[in-house]
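The values are calculated or read from the model by the stated rules, or taken from the named source; none is laboratory data. The structure displayed is predicted, hence computed values, not measured ones. For neighbour counting, all protein chains shown are included, and Cβ atoms are generated from backbone atoms with ideal geometry for every residue, glycine included.
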Amino acid sequence: MPIPFSVSTRPDTGLSNASLGMWLFLAPEVMLFGGLFSAYVLLRMGSPEWPVGREILSFPLGLANTGILLTSSLTMAMAVRSLRPAMRRWRRR
Amino acid sequence: MTARGRSVWRRYVFSLDHKVIGVQYAITAMVFLLAGFGLMLLMRWQLAYPGQPIPLAGAWLGERNAPGGVMLPEFCNQLGAMHGTIMIFLGVVPLATIATAGQTWWLAGMVLIITSNLLGSLNFITTIIQLRAPGLTFMRLPFLVWAQLVTAFLLLLAFPPLESAAIFQLMDRGRAASNNPWDATTLEWTTTSPPPHGNFERTPTVYRGAYEYSVPGRTKDFLMQTDD
């Protein structure tokens, strides 16, 4: 038996299972990164001196990381774009 | 396809049947309860009889961890950390002069268990909200389901800050703090963390009460119980 509302929306909530899950997932993300960023702010405000990024970080590693980040969003965007016609066909069924 | 037509693997391990998943939860919980209980027994036995070989289990702990069946303090701490990870009750905060692997494992375990708990709570909340039977309104939900929904929301919001704390502590690993990094006065800050077997290298002498801050005529703002 297929799981209900995995593609279609549930009438009373107006959401599919995955969209509700994604919306809920944002709450713990906010809490996780809120903790990380507020700890960073506290550490930075409380420390008498802060190192300059250029002096302690590696340029080639940073370049490689940026490349990976950008290409991963590119492939994501390409995946969404090529899924769109199939999703439209699915909804019309 | 009916459940009967599927392989044993699909039917019992990667099952989508909620009754089978319930049994999986129960079995996993019991296995980890017993594993944690076993580690706890080994550790506590060695603390109760320091320097004596552990009967039966001492032999298979290995010469590196327990020479002659007598557990090394470092290994005891690792067992303690693993036991804490499995039981998720309390772990020694890693303010350590000696960086033991056990504390790193404990933190890594915290990050993993919190992530899996988060995804589990997302699953519970989504299932409870989206997959109620038609006509099963929130006020008609069984009490157990209500309690599970509330618990899942608590886990969802309370655990991520702990996860970020665990991530920060993982980044701090290898940068050792002193025995008494925040100038506390009480006795437990005179020993190392993790402490040796028997808690103190030698029996400490106590000269004063526990909270001696700003004593007149002294240069230090705080006096430890062992300062005469």
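For the stretch A:1-29, what are the residues that are among the β-branched types (Val, Ile, Thr) and at the interface with another protein chain (Cβ under 8 Å from one of its Cβ atoms)?
Across the stretch A:1-29, the qualifying residues are A:Ile3, A:Thr13.
If you take the residues in the stretch B:156-204 that are at pLDDT 85 or above, more than 30 Å from B:Ser214 (Cβ to Cβ) and not hydrophobic (A, V, I, L, M, F, W, C), which one is surrounded by the fewest Cβ atoms within 10 Å (Cβ to Cβ)?
So the residue we want is B:Pro161.
Given the criteria among the polar types (S, T, N, Q), at pLDDT 85 or above and assigned to a helix (DSSP H, G or I), does B:Thr104 qualify?
no
For the stretch A:40-47, state whether one or more residues are in a loop (DSSP other than H, G, I, E, B) and among the hydrophobic types (A, V, I, L, M, F, W, C).
Of all residues in the stretch A:40-47, those in a loop (DSSP other than H, G, I, E, B) come to A:47.
Still in the running and among the hydrophobic types (A, V, I, L, M, F, W, C): none.
No, because not a single residue in the stretch A:40-47 is in a loop (DSSP other than H, G, I, E, B) and among the hydrophobic types (A, V, I, L, M, F, W, C).
Going by the structure shown, is A:Pro85 exposed (fewer than 10 other Cβ atoms within 10 Å of the Cβ) and not in a helix (DSSP H, G or I)?
Here the answer is no, as A:Pro85 does not meet what is asked.
For the condition within 20 Å of A:Ala18 (Cα to Cα), at pLDDT 75 or above, assigned to a helix (DSSP H, G or I) and away from chain A (no Cβ under 11 Å), what is the one hit in B:Gly120, B:Gly109?
Within the list B:Gly120, B:Gly109, the selection yields B:Gly120.
Counting just the residues of the stretch A:1-29 that are of a type in the set (S, T, N, Q) and exposed (fewer than 13 other Cβ atoms within 10 Å of the Cβ), which one comes out nearest to B:Ile125 (Cα to Cα)?
Result: A:Ser6.
How many residues, within the stretch B:28-37, are at pLDDT below 85 and surrounded by fewer than 16 Cβ atoms within 10 Å (Cβ to Cβ)?
Residues of the stretch B:28-37 at pLDDT below 85: B:32-33, B:35-37.
Subset that is surrounded by fewer than 16 Cβ atoms within 10 Å (Cβ to Cβ): B:32-33, B:35, B:37.
Final tally of qualifying residues: 4.
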